[in-house]
Amino acid sequence: MKTSIENLALLGGTPAFPEYLHVGRPNIGDRAVLMERINDMLDKRWLTNNGPYVQEFERKIAEYVDVKHCIAVCNATIGLEIAIRALDLKDEVIIPSFTFIATAHALQWQEITPIFGDINSATHNLDPKAVEKMISPSTSGIIGVHVWGRPCEIEALKEIADRHHLKVMFDAAHAFGNSHHGQMIGNFGELEVYSFHATKFLNSFEGGAIVTNNDDLAQKIRNMINFGFAGYDQVAYLGVNGKMTEICAAMGLTSLESIDSIIAANRQNYLAYKQELSGVPGISVAEYDETEKCNYQYMILEIDEKISGINRDLLVKILHAENVLARRYFYPGCHKMEPYRSLYPNAGLKLSNTEKLTQKVLSLPTGTSINEGAIYRICQVIQFSILNHKTIKEQINIS
Ligand code: T4K
């Protein structure tokens, strides 16, 4: 419990937690079941290349989100690259800068120019009005990102895309298990791409999936993830190796069996953080729509320095000293990272909401590895730091 300034670890006190509390700590399903699957996989000597666990995983993911086709891939970044190529996107594609760098890299890697559109400060997602302003004769598509799993303005993006004859797809890396107007994410745009990376609430160690209701597209993607093979000795497209392995599918299936308890833990954490932080000056919690299905996998705060008296970066320093490894997702924004910073040095001029948000956002630990007691102590450090911000700043010599 932090009761005096000297207790803060940043000022020489003992850290609130003896061991690091990480953002993105993996949720582990039933170990015994996972081990059984791994042993079975070894007994069968079928380790990859569309094996039985991958097929079962794809079937169960498709059932869960009620989509026609699911193609499991080795990670969402490769999934995005394959999806972009399968849709024949080229020249320029509009994306948010407020996303994980993989969204931009998946385009640039294929020499397609990511055009960064600004976000809506309230939703943290692409602002359709900003998207419209970025459309040029070279634009071929829009990739919306459901940041924190909160759905993009899907209908508005589609309306713009239809009017300009563009294709829309979604980076749904955060949004597995979430719904939009009652329909599961995974059913929108030409296709959507999930991530099942270890840090995602449902994980397959590394992994992802492309989901679509378009039969032809699904077949094309299925061939593309396997070097373009359309049958023995028959290559139909330029392809790559994007296959998910059996051990990843075994982990994915095991995680899927625990999905309800993982979501319940995330929701309980979200409600506990919200309660403990309500009324703390300058702190707001990014809200989830309780009328929709939601995985609650990111615990996001915005810090308004004018009210809190403390900026996000100082709060991060204080938390890190207490062994709470809060993260500044998605600081500083893709447009300020290489190669985009050098290629498009003026991109920030049209990204004022993005630039402001990247200074304010903080991601806190959640998931099954954390409990309410820890959440209470993390919130207590935040509250204590804000109430005592003047003294803390004096002690570390910042005004
Ligand atoms: N699109 C979006 C919108 C995304 O957010 C992502 C990935 C992608 C596309 C691409 O998906 P994948 O190709 O990865 O399937 C992490 C994840 O690596 C990344 O998957 C995720 N987004 C991103 C938001 O977070 P980093 O650079 O923050 O990773 P790192 O190594 O710093 O780890 C994050 C935290 O997780 C740390 O606190 C440590 C903890 N951790 C991590 C691993 C792997 C553990 O406690 N155990 C673990 O096994 O990117």
May I ask you to say which residue of Pro365, Pro332 is within 20 Å of the chain's Cα centre (by Cα), within 16 Å of the ligand (Cβ to nearest atom) and crowded, with 17+ Cβ neighbours inside 10 Å? Pro365
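Restricting to region 162-201, name every residue that is hydrophobic (A, V, I, L, M, F, W, C) and touching a Gly at 6+ places or on another chain (Cβ under 7 Å).
Hits for region 162-201 are Leu166, Val168, Met169, Phe170, Ala172, Ala175, Val193, Phe196, Phe201.
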Given the conditions (1) more than 13 Å from Ala72 (Cα to Cα); (2) out of contact with any helix residue (DSSP H, G or I) (no Cβ under 9 Å at 6 or more places or on another chain); (3) basic (Lys, Arg), which single one is not true for Arg222? (1)
What single numbered condition from (1) small (Gly, Ala, Ser); (2) over 18 Å from Glu92 (Cα atoms); (3) crowded, with 17+ Cβ neighbours inside 10 Å fails to hold for Ala347? (2)
Could we say that Leu325 is buried (at least 19 other Cβ atoms within 10 Å of the Cβ), within 16 Å of Ile370 (Cβ to Cβ) and within 16 Å of the ligand (Cβ to nearest atom) here? no
Just to be sure, is Ser284 of a type in the set (Ser, Thr, Tyr), at pLDDT 95 or above and farther than 15 Å from Phe205 by Cα? yes
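Could you identify the single residue in Thr99, Thr103 that is modelled with pLDDT of 95 or more and assigned to a helix (DSSP H, G or I)?
Details: Thr99 fails: assigned to a helix (DSSP H, G or I).
The unique qualifying residue is Thr103.
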Any chance Ile94 is aliphatic (A, V, I, L, M), in contact with a Ser or Thr (Cβ under 9 Å, 6 or more places away or on another chain), over 16 Å from Glu192 (Cβ atoms) and outside any helix (DSSP H, G or I): yes
Residue satisfying condition, being in a helix (DSSP H, G or I), touching a residue at least 60 places away in the same chain (Cβ under 8 Å) and closer than 27 Å to Phe229 by Cβ, within set Arg59, Arg85: Arg85
Restricted to region 1-15 and to residues being free of Cβ contacts under 8 Å to residues at least 40 places away in the same chain and part of a helix (DSSP H, G or I), the residue surrounded by the most Cβ atoms within 10 Å (Cβ to Cβ) is Asn7
Looking only at residues in region 59-90 that are of a type outside the set (A, V, I, L, M, F, W, C) and out of contact with any helix residue (DSSP H, G or I) (no Cβ under 8 Å at 6 or more places or on another chain), which one is farthest from Ile210 (Cα to Cα)? Lys90
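Right, Leu357: more than 20 Å from the chain's Cα centre (by Cα) and part of a helix (DSSP H, G or I) or not?
Numbers: more than 20 Å from the chain's Cα centre (by Cα): no; part of a helix (DSSP H, G or I): yes.
No, not satisfied.
Just give me the residues in region 230-280 being of a type in the set (Phe, Trp, Tyr) and either buried (at least 17 other Cβ atoms within 10 Å of the Cβ) or within 18 Å of Phe176 (Cβ to Cβ) (or both), in sequence order.
Kept after step one, since they are of a type in the set (Phe, Trp, Tyr), are these residues of region 230-280: 232, 237, 270, 273.
Hits for region 230-280 are Tyr270, Tyr273.
Restricting to region 106-124, give me the number of residues that are assigned to a helix (DSSP H, G or I) and either under 25 Å from Ile303 (Cβ atoms) or of a type in the set (Ser, Thr, Tyr) (or both).
Number satisfying all stated conditions: 0.
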Residues within region 16-42 that are within 16 Å of the ligand (Cβ to nearest atom) and not in a helix (DSSP H, G or I), tallied: 12
Only one of (1) touching a residue at least 12 places away in the same chain (Cβ under 8 Å); (2) under 25 Å from the mean Cα position of the chain (by Cα) fails for Phe384. Which number is that? (2)
Of Ala173, Ala218, the only residue that is of a type in the set (Gly, Ala, Ser) and either over 20 Å from Tyr64 (Cα atoms) or within 15 Å of the ligand (Cβ to nearest atom) (or both) is Ala173
Condition set within 11 Å of the ligand (Cβ to nearest atom) and not hydrophobic (A, V, I, L, M, F, W, C), scope region 59-87, selection surrounded by the most Cβ atoms within 10 Å (Cβ to Cβ): answer is Gly79
Scan region 360-399 residue by residue and report those that are part of a strand (DSSP E or B) and hydroxyl-bearing (Ser, Thr, Tyr). Ser363
Scan region 24-57 residue by residue and report those that are closer than 28 Å to Tyr298 by Cα and touching a Phe, Trp or Tyr at 6+ places or on another chain (Cβ under 8 Å). Asn27
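The values are calculated or read from the model by the stated rules, or taken from the named source; none is laboratory data. The structure displayed is predicted, hence computed values, not measured ones. All Cβ positions, even for glycine, are placed from backbone atoms using ideal geometry, and neighbour counts span all protein chains on display.
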